[in-house]
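What follows draws every value from the coordinates through simple rules; no lab data is involved. What you are looking at is a predicted structure, and each value in this text was computed from that prediction instead of being measured. Please note: Cβ atoms are built from the backbone with ideal geometry, for glycine as well, and neighbour counts cover all protein chains shown.
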Amino acid sequence: MYKIELSSDDVPKQWYNINADLPAELPAPKNSEGKDQIGNLPNIFVEECLNQEFSTERYIKIPKEVRELYQRIGRPTPLYRAKGLEEKLNTPAKIYYKREDTSPTGSHKLNSAIAQAYYAREQGIERVTTETGAGQWGTALALACSLMGIDCTVYMVRVSYDQKPFRKAIMQLYNSDIYASPSNNTEVGRKVLEETPDTPGSLGIAISEAVEDALTDEKVKYTLGSVLNHVVLHQTVIGQEIKTQLEIAEEEPDTMIACVGGGSNFGGALFPFIKDKIDGNSNTEFIAVEPSACPTLTQGEYTYDFGDNVGFTPLLKMFTLGHDFVAPSVHAGGLRYHGMNTQISLLTKEGYITPKSVHQNDVFKAGKLFANCEGIVPAPETNHAIKAAIDEAQKCKETGEEKTIVVNFSGHGLMDFKGYESFMDGSLENSK
């Protein structure tokens, strides 16, 4: 069975909230000294998103309009067997990949963008702001806001703004305003530019700009594409669909893999399965793959830190490289974030998740191999998961084990040819 599809009626009717099942208490957000960031959250975020952020209900109903839009954008997405890659590797392992690249914007990000734009519109919000790294989230939110009839402003990390101009064009096509971050549009941006005019920017800086912008008007709210719990919650439609598809294939996953930057792609695909492991009903290994240039889980400290650069947000207990960390200009812009979702951080600390870091040239090599075997060009972020899957399949070749490996294919790389071109002509710098 090479392709497992579900009908539109199989789109999940509820999101799964792992807060109800965590193996230890999730550390609560804290204010920094002399400030009340927690009390300021309603001025920043959409009300229903905040309610979901702190909810402990195991399942949260997906609104009818959101579910219908999920169906319109192509959910459920297909699960494929990577037979060509298996044969090339000569491995006894079976490799499956969940095709989140089939959405109109080419990644999993629409699953939360549609939900957040819907809740913003229902609250009477007229404009939302956000940040974006590689542009996948900004593109998704731009489309979602266009569908909902509200305005959208995107602060795009400067190095990605320069590397990926066509993502900017797509956001503009969907009627959004785009600024290279740091920008002259905010006090935060102007200060950074004054101190370091040649900075490549960072997601932390872009978040600070987007939050500052949102605080200027009560009809404007900030939205986030990853990291926070409610964003991961919206992505759990992915994992629930994978569960159904693996049941049809009569497969039990031995290893599940996803790239990880802020955590929405990883948590969305794997949290429904991690629940089984917490309950003692699974021996699956869960591998979170990040760039060696931004090794949050593998080298970061598990401590309280700000989610943004200047401290608009409360302090969150997470794995972090420090909120002032600026990652090197690797092409996987969606993974260049200093911190990690608090739920993923806790589950990693408790031993339920295995973190792994990989180098830039290695992930592009894996992506090129995948494209040659399966015909699909993966995003640089997705290549991190593919690289880990190839490593696991090669281990199976050595041991003879017939493991079932499942990868969340988070997005396509059809806007990332600059990175591929640099890899193929030998000019791509390897990450440290």
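Below, the figures for the structure above:
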{"read-out": "Fluctuation leader among L335, L85, L110 - the chain, Gaussian network, Cα springs under 10 angstrom", "value": "L85"}
{"read-out": "Net charge of neighbours whose Cβ lies under 9 Å from the Cβ of V157, counting Lys and Arg as +1 and Asp and Glu as -1", "value": "+1"}
{"read-out": "Isolated Cys in the chain, by beta carbon distance under 4.7 Å", "value": "C49, C259, C294, C373, C396"}
{"read-out": "Magnitude of the charge dipole, the chain, Cβ model with Lys/Arg +1 and Asp/Glu -1, debye to 20", "value": "660 debye"}
{"read-out": "Per-peptide average of other Cβ atoms within 10 Å, ordering 166-176, 23-33, 358-368 highest first", "value": "358-368, 166-176, 23-33"}
{"read-out": "Projected label distance in nm at E126 and K83, using a 7 Å step from Cα toward the beta-carbon", "value": "5.6 nm"}
{"read-out": "N90 versus E187: modelled label distance in nm, points set 7 Å from Cα along the beta carbon direction", "value": "6.5 nm"}
{"read-out": "Computed helical MRE - 222 nm, the chain, DSSP H runs ≥ 4 contributing -39500 (n - 2.57), nearest 500", "value": "-12500 deg cm²/dmol"}
{"read-out": "Paramagnetic label zone (point 7 Å from Cα along Cα-to-C-beta, L173; backbone N under 19 Å) in region 391-415", "value": "411-415"}
{"read-out": "In Hz, Karplus ³J(HN,Hα) per residue of region 213-221 (6.51, -1.76, 1.60; θ = phi - 60°; x = Gly, Pro)", "value": "4, 5, 6, 7, 7, 5, 8, 10, 10"}
{"read-out": "Sequence-distant residues sharing a close amide H with I95 (under 5 Å, placed H)", "value": "A82, I405"}
{"read-out": "Computed over region 264-321: relative contact order in percent, which uses C-alpha pairs under 8 Å that are six or more apart", "value": "25 percent"}
{"read-out": "Choice from N184, N281, N40 with maximal GNM fluctuation in the chain (Cα, 10 Å cutoff)", "value": "N281"}
{"read-out": "Built amide H within the under 5 Å cut-off of G307, gap 5+", "value": "T313, L316"}
{"read-out": "Hypothetical label at K368: residues of region 403-427 whose amide nitrogen lies under 18 Å (7 Å Cα-Cβ projection)", "value": "413-427"}
{"read-out": "Degrees between helix 237-249 axis and first principal axis of the chain (Cα, 0 to 90, nearest 10)", "value": "10 degrees"}
{"read-out": "Sites E25 and D425, calculated FRET efficiency, Cβ-Cβ separation with R0 60 Å, nearest 0.05", "value": "0.70"}
{"read-out": "Length gained when the stretch R72-K418 is fully extended (0.36 nm per residue, less Cα-Cα span)", "value": "121.5 nm"}
{"read-out": "Length-normalised contact order of region 1-156 in % [C-alpha pairs under 8 Å, at least 6 apart]", "value": "22 percent"}
{"read-out": "At R0 = 41 Å, FRET efficiency that the Cβ-Cβ distance of E247 and S32 yields, to 0.05", "value": "0.30"}
